[in-house]
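Following: one structure in structure tokens, then a few remarks.
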Amino acid sequence: MNNFVYWAPTEVIFGKDTELQVTAAIKKFNGNRIIIVYGGGSVVRSGLLNRVLEQFKKENIPYKALGGVQPNPRLGFAKKAIEEAKAFGADFILAVGAGSVIDTAKAIAHGVANPEVELWDFWLRKQVVERSLPVGCILTLSAAGSETSNSSVLTNEETGEKRGLSTDFNRPKFAIMNPEITYTLPKEQITYGIVDIMMHTLDRYFTPTKGNAFTDEVAEALLRTVIHYGEKALQNSHDYEAMSELMWCGSISHNGLTGLGAVSDFAPHQLGHELSGKFDVAHGASLSTIWGAWANYCYEENPERFAQFGKKVWGIEEEDTKKCAVRAIEKLVDYFKSIGAPTCFSELGIGIQDEESLRDLARRCAFYGTRTIGSFKVLDEKAMYEIYKIAN
Ligand code: NZQ
Ligand code: ZN
């Protein structure tokens, strides 16, 4: 087990009607003038936004609501919102929505607190976040885990770059999670959420670090839970038990717990981000598209690890390590197919890519020859190209 620091400070307020505790939560973290961020309208249609605004009105808390965050949230929206938040004198940012909304709220918080910095420079790692405004959220989709994570992912729409920023300043102060709010999700969003939740654990599970029994057990239990309740959620999005399990797994999967004591990999996430950056596809869909190709390319690095995944998560009884590893990969790819997630480029809807397009994806993913990705198997630009080719 490697050394680690575990710091997951977000206060989780979980369960039915918890959105009615939002003003109390904001007061606890000294919010007085609130910017409320939301997406393309699902929270308007569901009535959630109204329930939230009613509380602000009743308690005379000054607020300004800014809607219109798109999936694969854009830098341009965040920058405009920062100007509005500064003009309003905001001291707290509340996200009412899913990962894209929460990530935008984090970006607004950094921008307001650091007016002298060009916002994208934080994502380019040219600047380090050293202060921010507090952020709280009311989660509407179990997927990205942004409600308790230390990261924020933005897309620079001018360059087509999609980049993540990890910093402890990205940890929300509180996360309100009412599974009933997710009842209105369309099936495809539940599917992409299931994939993303699994991938946050898998991108930590496939690690070069040896021996980490408790963390492994936590990860394997989470994966089994998501597989089981994911199917139930897809059968009935009003199944409170299933939606609750997904919601809690979504947060635990990405708050750091499932990878403690080990080096994480996250290559599939990086490969997927290029697909979203270039083709604007849903994050979860990009991950299911790439995972099988990544796994087939990498598993020989440590087939025992894939065999463990097969035995503990899928219950595969196969003594031959390599056979068990291959079956484990097939199992997950088949599961993705069974829940309607794409597993190759044509299923993703971007068609078959030509040679130059595949090379372009690899170049972008390698940040134009300046980085490798992954740790389970370290991948250079050529390896990235090979993986895109398998997924094609
Ligand atoms: O915009 P609205 O109208 O609200 O509709 C959204 C959107 O179209 C809809 N939706 C959300 N909750 C709903 C709902 N529709 C009906 N009922 C509800 N209760 O779902 C659509 C997708 O929303 P989005 O926020 O994009 O989804 P998700 O939570 O999957 O977030 C994806 C983004 O998060 C990033 C991804 O890269 C992507 O940009 N990630 C963020 C991470 C983090 N900050 O820690 C980690 C992840 O790995 C991921 O990279
Ligand atoms: Zn993800």
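The values are calculated or read from the model by the stated rules, or taken from the named source; none is laboratory data. Treat the numbers as computed from the prediction; the structure is a model and nothing was measured. Using ideal geometry, Cβ is built from the backbone for each residue, glycine included, and neighbour counts are taken over all protein chains shown.
Numbers below:
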{"item": "Entirely in segment 256-314, the helices (runs of 4 or more DSSP H) that have 3 or more residues that are among the hydrophobic types (A, V, I, L, M, F, W, C), within 16 Å of ligand 1 (Cβ to nearest atom) and under 30 Å from residue 5 (Cβ atoms)", "result": "283-298"}
{"item": "Selection status of residue 194, modelled with pLDDT of 95 or more, near ligand 1 (Cβ under 10 Å from one of its atoms) and outside the structural domain of residue 102 (by the TED database)", "result": "no"}
{"item": "Residue that is surrounded by the most Cβ atoms within 10 Å (Cβ to Cβ), among those in segment 235-291 that are touching a strand residue (DSSP E or B) at 6+ places or on another chain (Cβ under 6 Å) and farther than 22 Å from residue 8 by Cβ", "result": "267"}
{"item": "Members of segment 123-144 found to be in a loop (DSSP other than H, G, I, E, B) and within 9 Å of ligand 1 (Cβ to nearest atom), listed by number", "result": "140, 141, 142, 143, 144"}
{"item": "Test: residue 203 is within 14 Å of the chain's Cα centre (by Cα), within 16 Å of ligand 1 (Cβ to nearest atom) and either at pLDDT 95 or above or over 22 Å from residue 99 (Cα atoms) (or both)", "result": "yes"}
{"item": "Leading residue by the ranking (farthest from residue 181 (Cα to Cα)) among those in segment 93-110 that are more than 7 Å from ligand 1 (Cβ to nearest atom) and in contact with a Phe, Trp or Tyr (Cβ under 9 Å, 6 or more places away or on another chain)", "result": "110"}
{"item": "The one condition in (1) surrounded by fewer than 23 Cβ atoms within 10 Å (Cβ to Cβ); (2) over 22 Å from the mean Cα position of the chain (by Cα); (3) in contact (Cβ under 8 Å) with a residue 24 or more places away in the chain; (4) over 27 Å from residue 159 (Cβ atoms) that residue 325 fails to fulfil", "result": "(1)"}
{"item": "Filter result (in contact with a Gly (Cβ under 9 Å, 6 or more places away or on another chain) and more than 14 Å from residue 220 (Cα to Cα)) within segment 306-322", "result": "318"}
{"item": "Test: residue 160 is within 11 Å of ligand 1 (Cβ to nearest atom), surrounded by fewer than 19 Cβ atoms within 10 Å (Cβ to Cβ) and not assigned by the TED database to the domain that holds residue 365", "result": "no"}
{"item": "Which numbered condition residue 245 misses (of (1) touching a Ser or Thr at 6+ places or on another chain (Cβ under 7 Å); (2) of a type in the set (Asp, Glu); (3) closer than 26 Å to residue 154 by Cβ)", "result": "(3)"}
{"item": "Count of segment 354-392 residues which are part of a helix (DSSP H, G or I), in contact (Cβ under 8 Å) with a residue 24 or more places away in the chain and among the small types (Gly, Ala, Ser)", "result": "3"}
{"item": "Index of the failed condition, residue 351 passing every other in (1) touching a residue at least 40 places away in the same chain (Cβ under 8 Å); (2) on the phi > 0 side of the Ramachandran plot", "result": "(1)"}
{"item": "Test result for residue 28, in the same structural domain as residue 158 (by the TED database), surrounded by 13 or more Cβ atoms within 10 Å (Cβ to Cβ) and either of a type in the set (D, E, K, R) or in contact with a His (Cβ under 9 Å, 6 or more places away or on another chain) (or both)", "result": "yes"}
